[in-house]
Amino acid sequence: MFEHIIDAVGTLLAWPNPLWMLAGVLFGLIIGILPGMAGSVAIALLIPISFTMEPTVAVLFLMAAYSPNGFGGMITSILVNTPGAPENAATIFDGHPMAKQGRAAAAIGAATASSVIGGFIGFVLLLAVLPLAQKVVLAFSYPEFLAMSLVGLSIIALVTDNSFVKGLTATGVGLLIAFIGLDPVTGQPRFTFGEAYLWDGIDIVPVLIGLFAGAELLALFGSGSSVSEADMYELTGEDGKIKRKYPVLEAPITFMEGVRSTFRHWGLVLRGSVLGTIMGVIPGIGGSTAGFLAYAQAKQTSKRSHEFGKGNVEGVIAVESANDAKDGGSLLPTLAFGIPGTVGMAVLLGALIMHGIPAGPGLLVEHIDIVYVLILSMIVAKLVAPFFVWFLARYANQLGTLRPEIFTPLILVAVLVGTYTIRFEILDVYVALFFGYLGYAMRRYGYSRIALCIALVLGGLVERSYVQTLSAFGSLDVMIERPVSLVLVLILLMILLVAVRQNFKAAAEGAAPMDMDSGAEIGVTHRRQWGRILLTGLLFGFGLLIMNDAIKLGGQAAQVPMLVVVPYVVVTALYFLAALLPKMADAVAQPIRQLAARVSRKKPKEELVLVGGHHGGLSMVEEARAELERAEEIEETEESKHTDREVLFRQGLFGLWSLALAALGGVLGFTIAVPIALFGFLRLIARESWMVSICVTAGTCAFLYTLFTVLLGFDL
Amino acid sequence: MIATGALAGCGSGAGSDNDASANEKWCEQFPPDEITLVVPFPPGGGYDAWARLMAPFMEEILGEGVTVKVQNMPGGGGMSATNSVYAAKPDGSRLLFIEPGEIISNQIAGNVVDGFDVTDFVFTGGVTIDPQVFFVAADSDINSMNDIRGEEVKMGTQQIKPQEAITFEEMGVEPQYILHEGTSDVVLAVRRGDVDISRLSLASVAPYIEAGEVKAISQMTMEDLAENQPLAAELKGIDNLATLGLEKLNPVFDYRRVIAAPPGTPACIADTLEETLLEMTADEEFVAKANEAGLVVDGRGSEETTEVVKSSFELASEYEKPIREALGIK
């Protein structure tokens, strides 16, 4: 083994290979930063260039581009609230709130350090279990997949404890969207409403981009505020010195403070890494589940679990260590069976074949030299990438304070063009826009976007493995008869128990409800709001559409969807009614709340809550009312620059403009649409000066053109 | 009905005066500056590898100033790409690289727009033949397709295709289909013993056979495998269509990767494209490069390819009932 490693080191150091390494890492980072582009895309794009190289050098180059991808995605997740790929979805939960507090650099620092350590641990574990590889992979069959995906879904109960029913509703939306496309029983299209576009289902990435980034941009431009709202420093009165508001331990601000906080949470990093590696080993589960699981376990075990979702650095550390550790894990099935653990690995195997290296199980025997170059390149790339990231992170905190008039259109352009390049499908861009508006409405009315996101990512796997388990084993009994799935089922039960206990505890202590989405709002209000009516009506209508199709479809392919859609339709119908008749709804809800309050009255506890903290010794009803006031306060401060009417007008304008950009892009291509739309926005909507408008437009277009057209050879 | 007629009219084309003058213009302008080769799968897979290998050779043969661009259009079970070429101007600037069986199964299942007909395409020729293999776990009791006659089997696949449905119908097999996300999931399921049997192209399953993880129990050509196919020597003597008495199923198992031009493409353009394809597949450098990448070149002309597609479609249509039953379509 050691001679192979030494040989591989020799390959890595041989001139000009270090240059290829640097080029690959830089390219991989840029691809990672672009929303919608994953590591697999980086490899696919570089395959033609790699043809000019020796196979070993090609592997080095491709791995250098693939490995640091998560670093890039993490940056986008933190700064713009957009997971670059589903793998980074859980990073936004705490990463973006940190950016909002002006602590983006710390979030990036912590994420970078945990990625490096996690990645390293992943590879060490990989080398350790390589001899057992085949046994490990074969231990996972349909019942284990099902149990695993249910464990993933159950996390929703842990992370959305604001309104349980609204959380479930959002979960329902996610699942129903996941069911669109080819059914897992006969492989025929369903819920496609005759549209070929919907055959393969709705692509997850545009949905995530819209739900998080789109919604964020809409809110930012509407309110006229910058990404980071809070100032983490303050002037102390007497000596006129600038002091930080919170101690370093609770709230790291700079990149290095972020790095240090990772080292302070060793246990967390270790747990996340082991979890990530295991999840990576199982083909078909995907890295995104790893992130969610790591996040949930971090929240469970943290002393400051109530700060999760509000910018707790622990949330970032757990997710990112798991995220990069999975790279090591996913190499295991790739090497042991020639069966890729992730899409990226699949593309890599394809690339190897094109280099004349048969990617089957023989790889480990016949091309062990290449295997070591592959592993080592991935490790080294993860060590090189942080230097680039560190360089970028120096500006991260300032980036958050940019004026929204310039910041929001730029990000929107990047995000939409990025969405388009996923598969050059203009409808994806409209999907992203639609989910942008939906995400904004969900954020405003307290429906968890995270629940939707988890359900959407895991929905397909849940149904598929359920159908597979039933077809192969006849019943679900097998889940408690097989050891691995039994353990998973026990874990699932444990999570559900903990979630129930947590909800009771939160109610009893009257602690501030914990919705991950900021600005969430509790349903105690008498006003009739058009936005609420629209949203609940839309959710209800969507359910009806799917239910109607499911009834027509019938048979096994409709079984699981019916299980979800029937309760969903009932709940959304009630919400819709409540939105139409708010007074009546409140009258019905009041006695229930009072009952809950009597049951759960208990002594308060003092706790440190960073942002929007609330110490309560109130009954639940009073608490809920106080919470509503607080939420409204936040919304008011968020939107203090403009009146409600102005905000609505600005959001409407922004929404229409983005629609126009998409439409123009579809007809004329983005090469023409971007400059027209961007300049129009800056000059006419944002009322920037001629000089600024021209410079910003020209700069952006030059950047996009160089990147997409010149470097990547895309036809926009 | 009117719309269908109009579409069909657009498709078959060549009749009216307008078309004739358009054809003349397109013939003069051929080859255009840019030809797009549409691949119905994402980058990185086998189809993509083929297309990217072919592009530079096609450019060279078609002459200076011609760029051949590969466009990946995954989605809709191959139908997004198929439809985009089906509806394209028949001037030779947009071509489809596909295995026609993909389209045929969609058409039989009714997953196409009104008026669509796979046989409308102008097939300029095929670049490879992809023998199909039924395989089981290495330690399985099943050693021949004959062992499963009249039995119930769990069949692992990505999508239920006419080939399985027809074979099982003919052999009296009662299949329980278990669907998977990708080919690698299917292979793993066979290995674990969660499914009894599966079918893939020889090229994709060969590495696993070689590593002793799965065993091939029959290959679905009419005789022993051609010598240039992977594992041809090792698999000599295993069951084939003839030994199984399934000769009449040959058309649906005749898998070819072909280049198709939009319906109504004039002969002048189709002929040049066929010549290009045949010249390319006969080029030693092309064959060597393909072999390096594990691809087996077997160039076939337009006439043969069109005939294969036609008879495959006809046979699949004969079995429409069992196919639609397998797909759960009422």
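The values are calculated or read from the model by the stated rules, or taken from the named source; none is laboratory data. Note that the structure is a prediction, hence the values are computed from the model and not measured. When we count neighbours, we look across all protein chains shown, and the Cβ atoms used for this are built from the backbone with ideal geometry, even at glycine. With ligands, DNA and RNA removed, areas are computed over all heavy atoms of the protein, side chains included. Shrake-Rupley method; radii C 1.70, N 1.55, O 1.52, S 1.80 Å.
Check A:65, A:58, A:8 and return the single one that is within 21 Å of residue A:120 (Cβ to Cβ) and within 14 Å of chain B (Cβ to nearest Cβ).
Working: A:58 fails: within 21 Å of residue A:120 (Cβ to Cβ); A:8 fails: within 14 Å of chain B (Cβ to nearest Cβ).
It is A:65.
Which ranges mark the helices (runs of 4 or more DSSP H) fully within the stretch A:88-195 that have 3 or more residues being open to solvent by less than 20 Å² (accessible area, probe 1.4 Å) and under 25 Å from residue A:449 (Cβ atoms)? Before the answer, list the steps.
On the way: elements: A:91-100, A:104-129, A:133-138, A:142-159, A:164-179.
Passing ranges, in order: A:91-100, A:104-129, A:142-159, A:164-179.
Provide a single number: the residues in the stretch A:123-151 that are away from every other protein chain (no Cβ under 14 Å) and of a type in the set (Val, Ile, Thr). Don't jump to the end; show me each part of the working.
Of the stretch A:123-151, the ones away from every other protein chain (no Cβ under 14 Å) are A:123-132, A:147-148, A:150-151.
With the extra rule that they be of a type in the set (Val, Ile, Thr), the set shrinks to A:124, A:129, A:151.
Total meeting the criteria: 3.
Just checking, which of B:233, B:242, B:260, B:226 is among the small types (Gly, Ala, Ser) and without any contact (Cβ under 8 Å) to a residue 12 or more places away in the chain? First the steps, then the outcome.
Working: B:242 fails: without any contact (Cβ under 8 Å) to a residue 12 or more places away in the chain; B:260 fails: without any contact (Cβ under 8 Å) to a residue 12 or more places away in the chain; B:226 fails: without any contact (Cβ under 8 Å) to a residue 12 or more places away in the chain.
It is B:233.
List pairs: first in the stretch A:650-675 and basic (Lys, Arg), second open to solvent by less than 60 Å² (accessible area, probe 1.4 Å) and not in a helix (DSSP H, G or I), Cβ under 9 Å, 6+ apart or cross-chain?
Partner pairs satisfying both residue conditions: A:650/A:224; A:650/A:642.
Inspect the stretch A:303-324 for any residue being within 13 Å of another protein chain (Cβ to nearest Cβ), modelled with pLDDT of 70 or more and out of contact with any Asp or Glu (no Cβ under 6 Å at 6 or more places or on another chain) and give the result as yes or no. Break it down stepwise before answering.
Going residue by residue through the stretch A:303-324, those that are within 13 Å of another protein chain (Cβ to nearest Cβ) are none.
Looking for residues that are within 13 Å of another protein chain (Cβ to nearest Cβ), modelled with pLDDT of 70 or more and out of contact with any Asp or Glu (no Cβ under 6 Å at 6 or more places or on another chain), one finds none in the stretch A:303-324, hence no.
Can you tell me which of A:700, A:671 is open to solvent by less than 50 Å² (accessible area, probe 1.4 Å), part of a helix (DSSP H, G or I) and of a type in the set (Val, Ile, Thr)? It would help to see each step written out before you state the result.
Details: A:671 fails: open to solvent by less than 50 Å² (accessible area, probe 1.4 Å).
The match here is A:700.
Report, by residue number, each residue of the stretch B:190-208 that is touching a Phe, Trp or Tyr at 6+ places or on another chain (Cβ under 8 Å), under 24 Å from residue A:473 (Cα atoms) and either within 11 Å of chain A (Cβ to nearest Cβ) or part of a loop (DSSP other than H, G, I, E, B) (or both).
B:191, B:194, listed by residue number.
Can you give me the number of residues within the stretch B:30-60 that are over 15 Å from residue B:95 (Cα atoms) and touching a Ser or Thr at 6+ places or on another chain (Cβ under 9 Å)?
5
Determine whether residue B:242 is within 9 Å of chain A (Cβ to nearest Cβ), under 22 Å from the mean Cα position of the chain (by Cα), of a type in the set (Gly, Ala, Ser) and farther than 30 Å from residue B:110 by Cβ.
Numbers: within 9 Å of chain A (Cβ to nearest Cβ): no; under 22 Å from the mean Cα position of the chain (by Cα): yes; of a type in the set (Gly, Ala, Ser): yes; farther than 30 Å from residue B:110 by Cβ: yes.
For residue B:242, the condition - within 9 Å of chain A (Cβ to nearest Cβ), under 22 Å from the mean Cα position of the chain (by Cα), of a type in the set (Gly, Ala, Ser) and farther than 30 Å from residue B:110 by Cβ - is not met.
I'd like to verify a number: residues in the stretch A:379-402 that are in a helix (DSSP H, G or I) and over 22 Å from residue A:325 (Cα atoms), how many? Give the derivation first.
Kept after step one, since they are in a helix (DSSP H, G or I), are these residues of the stretch A:379-402: A:379-393, A:396-399.
Now narrow it down to the ones that are over 22 Å from residue A:325 (Cα atoms): A:391-393, A:396-399.
So the count comes out to 7.
Quick one: how many residues across the stretch A:452-498 are of a type in the set (Val, Ile, Thr) and within 12 Å of chain B (Cβ to nearest Cβ)?
At the first step, the residues of the stretch A:452-498 found to be of a type in the set (Val, Ile, Thr) are A:454, A:457, A:462, A:467, A:469, A:478, A:480, A:484, A:487, A:489, A:491, A:495, A:498.
If we keep only those that are within 12 Å of chain B (Cβ to nearest Cβ) as well, we get A:467, A:469, A:478.
Count: 3.
Looking only at residues that are touching a strand residue (DSSP E or B) at 6+ places or on another chain (Cβ under 7 Å) and open to solvent by 30 Å² or more (accessible area, probe 1.4 Å) in the stretch B:178-208, which one is farthest from residue A:282 (Cα to Cα)?
The selected residue is B:196.
Results for (1) modelled with pLDDT under 80; (2) under 21 Å from the mean Cα position of the chain (by Cα), shown as yes or no for each residue.
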position	(1), (2)
A:133	yes, no
A:151	no, yes
A:156	no, yes
A:160	yes, yes
A:171	no, yes
A:177	no, yes
A:182	no, no
A:186	no, no
A:192	no, no
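With a cut-off of at least 3 residues that are touching a strand residue (DSSP E or B) at 6+ places or on another chain (Cβ under 6 Å) and surrounded by 15 or more Cβ atoms within 10 Å (Cβ to Cβ), name the helices (runs of 4 or more DSSP H) lying wholly within the stretch B:252-330. Outline the logic, then answer.
Working: elements: B:267-282, B:284-292, B:302-318, B:320-326.
Per the criteria, B:267-282, B:302-318.
Considering the stretch B:117-154 alone, what residues qualify as being within 14 Å of another protein chain (Cβ to nearest Cβ) and surrounded by fewer than 22 Cβ atoms within 10 Å (Cβ to Cβ)? Let's see the steps before the verdict.
Here is the first cut: in the stretch B:117-154, the residues within 14 Å of another protein chain (Cβ to nearest Cβ) are B:135, B:137-139, B:152-154.
Across the stretch B:117-154, the qualifying residues are B:137, B:138, B:139, B:152, B:153, B:154.
Quick one: count up the residues across the stretch B:155-175 that are in a loop (DSSP other than H, G, I, E, B) and surrounded by fewer than 22 Cβ atoms within 10 Å (Cβ to Cβ). Spell out how you get there, then give the answer.
To start, the set of residues in the stretch B:155-175 that are in a loop (DSSP other than H, G, I, E, B) comprises B:158-161, B:172-173.
Narrowing the set further to residues that are surrounded by fewer than 22 Cβ atoms within 10 Å (Cβ to Cβ) leaves B:158-159, B:172-173.
The qualifying residues number 4.
Give me the pairs: first residue in the stretch B:49-62 and within 14 Å of chain A (Cβ to nearest Cβ) and closer than 20 Å to residue A:43 by Cα, second residue part of a helix (DSSP H, G or I) and basic (Lys, Arg), beta-carbon distance under 7 Å, and six or more apart or on different chains, which are they?
The qualifying pairs are B:53/B:289.
Output the number of residues of the stretch B:163-172 satisfying the condition of being in contact with a helix residue (DSSP H, G or I) (Cβ under 6 Å, 6 or more places away or on another chain), over 17 Å from residue B:219 (Cβ atoms) and more than 12 Å from chain A (Cβ to nearest Cβ).
1
Any residue in the stretch B:4-17 that is part of a helix (DSSP H, G or I) and modelled with pLDDT of 90 or more?
Just the residues of the stretch B:4-17 that are part of a helix (DSSP H, G or I), to begin with: B:4-12, B:17.
Going one step further and asking which of them are modelled with pLDDT of 90 or more, we end up with none.
Scanning the stretch B:4-17, I find no residue that is part of a helix (DSSP H, G or I) and modelled with pLDDT of 90 or more, so the answer is no.
From the list A:449, A:394, A:444, which one is buried (at least 24 other Cβ atoms within 10 Å of the Cβ), more than 14 Å from every other protein chain (Cβ to nearest Cβ) and either more than 29 Å from residue A:106 (Cβ to Cβ) or not aliphatic (A, V, I, L, M) (or both)? Show your work before the answer.
Working: A:394 fails: buried (at least 24 other Cβ atoms within 10 Å of the Cβ); A:444 fails: buried (at least 24 other Cβ atoms within 10 Å of the Cβ).
Just one listed residue meets the conditions, A:449.
Which ranges mark the helices (runs of 4 or more DSSP H) fully within the stretch A:261-338 that have 1 or more residues being without any contact (Cβ under 8 Å) to a residue 12 or more places away in the chain?
Details: elements: A:266-281, A:287-301, A:313-337.
Result: A:266-281.
Which of the following residues is in contact with a strand residue (DSSP E or B) (Cβ under 7 Å, 6 or more places away or on another chain), of a type in the set (A, V, I, L, M, F, W, C) and over 28 Å from residue A:378 (Cα atoms): A:176, A:182, A:168, A:153?
Just a single option satisfies the conditions, and that option is A:182.
Sort out for me the strands (runs of 3 or more DSSP E) sitting completely within the stretch B:18-101 that have 3 or more residues that are open to solvent by 20 Å² or more (accessible area, probe 1.4 Å) and closer than 25 Å to residue A:353 by Cβ. Can you show your working first?
On the way: elements: B:34-39, B:67-72, B:94-98.
In the stretch B:18-101, the matching strands (runs of 3 or more DSSP E) lie at B:67-72.
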